[in-house]
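Computed from the coordinates by the stated procedures, all read-outs in this text should not be read as laboratory data. Since the model is a prediction, treat every value here as computed from it, not as a measurement. Neighbour counts are summed over all protein chains in view; Cβ atoms, including those assigned to glycine, are modelled from backbone coordinates with ideal geometry.
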Amino acid sequence: MKDLQQAADNYLCPTYARYPLAVKSALGCTLYDLDGKEYLDLLSGISVCNLGHSHPEVVSAIASQAGKLIHVSNLFYQEEQVDLAKKLINTCSMNKVFFCNSGAEANEGAIKLTRRYMRKVLQQDRFEIITLSGSFHGRTLATLTATGQDKIKDGFDPLPPGFKIVPHNDAHALEQAVNEHTAAIMLEIIQGEGGIRIIDARYMEKVVQLCARHDLLLIVDEIQTGMGRTGMFWAHQHYQLNPDIITSAKALANGLPMGAVLCTDKTARAFDQGSHGTTFGGSPLACAAALKVLEIMEREGTVYRADRLGREFMAIMEGIRLNHPEKIKEVRGKGLMLGIELSFPGKNIWQALLNKGFVLNLTQETVLRLLPPLIISMEDINRFCVCLDSLLNDSTLCRN
Ligand SMILES: *Cc1c(COP(=O)(O)O)cnc(C)c1O
């Protein structure tokens, strides 16, 4: 472990604050370190391996596709792309798909689609995209500009123009921000990196109203919340909502890099021949993995399961909060996307949980973020809850 850490310091750009854990292999909800020690994965590689690690059917779909066709480029028709697009469209009210390779690239695509729709289809001088404070939309120049967190932008100016950030869940501020150049509102239904912050139903109504009144596009970033994570296939389906564009990535291919921009026929007209593209996007390999993911989810009722287990998990956590009212401020989330907001910086608790074999994420310093594989068992959830409950009795862990 020490050698690996040293080599990483020597050869990798130091962009990540890594956990003191080297993962050698993983299966289902279990991670194994270099010494074979087991960890319960409550993070799924940041909501990517939603069906668990090395799901045997996904592994075999990838292996058999790899032996048939890995990549040929978008100069050619490929069955896997069309099959996947058809299946994805059936999960929502979108009509068309553009495949890419990551979340940032999907959001970049959504931003480009919005601008081009205004320029070429409506022929209007509207380009500004309104996003929310605390949001996270990616690390490319455009998507980090759209992101509502200053630390992500530090040192990268000049940033591209055309973005405006307004306070989260503040309907008045949103209304004030709309002007004749506004093209779209882009938001996460539940902010992931931002600390599991849920959008208010009333606020959402206002968003819908404003979009209708000013003919704005609504872009929903479902990169973290999609693919069943919140107990609906897409998190926006918890609300009465007809987005124009949905972006997806993370869990789409259960670990292979893949992103998608889903859009309506109306907006899709703006992406005509030659207007956008990517070499790797929608490779048969990634598509085969994603097709298998959708097949498994449908067969196993994964989305319903996430809803059911999420409710139980939340109820248990509420009980634990009542045991420690001065230590847990709030428990929030939907489905298997949970945030436990502590009333103190959570580094020590997070470290203690890791030592006990529970892998999760600490975000915004005080929020324990849980994104377990959707196949997790109630026994494993209980095991985590019991451990957290007992650690919260140790007051030395509950301070800086
Ligand atoms: C992770 C994430 C992104 C960025 O995805 P990358 O694949 O890391 O580029 C964008 N939006 C949201 C909501 C995310 O959670």
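See the values below:
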{"read-out": "Eligible lysines near Lys37 by straight Cα distance, threshold 26 Å, same-chain separation 8 or greater", "value": "Lys2, Lys24, Lys347, Lys356"}
{"read-out": "Qualifying aspartates and glutamates (Cα of each under 14 Å from Cα of Lys164; at least 8 residues distant if same chain)", "value": "Glu128, Asp150, Glu175, Glu180"}
{"read-out": "Across Lys206/Lys292; Lys87/Lys334; Lys86/Lys112; Lys86/Lys334; Lys120/Lys151, pairs whose alpha-carbon gap is larger than 31 Å", "value": "Lys206/Lys292; Lys120/Lys151"}
{"read-out": "Quotient of Cα Rg and 2.2 N^0.38 Å for the chain, N being how many residues it contains", "value": "0.99"}
{"read-out": "Residue order, fewest to most surrounding Cβ atoms within 10 angstrom, among Arg126, Arg202, Arg311, Arg369", "value": "Arg202, Arg311, Arg126, Arg369"}
{"read-out": "Amide proton proximity set for Glu330, modelled H, under 5 Å, gap of 5+", "value": "Glu341"}
{"read-out": "Order of Ile328, Ile190, Ile152 under a 10 Å beta carbon neighbour criterion, fewest first", "value": "Ile152, Ile328, Ile190"}
{"read-out": "Relative exposure of Asp221, Asp157, Asp200, judged by other C-beta atoms within 10 Å (fewest first)", "value": "Asp157, Asp200, Asp221"}
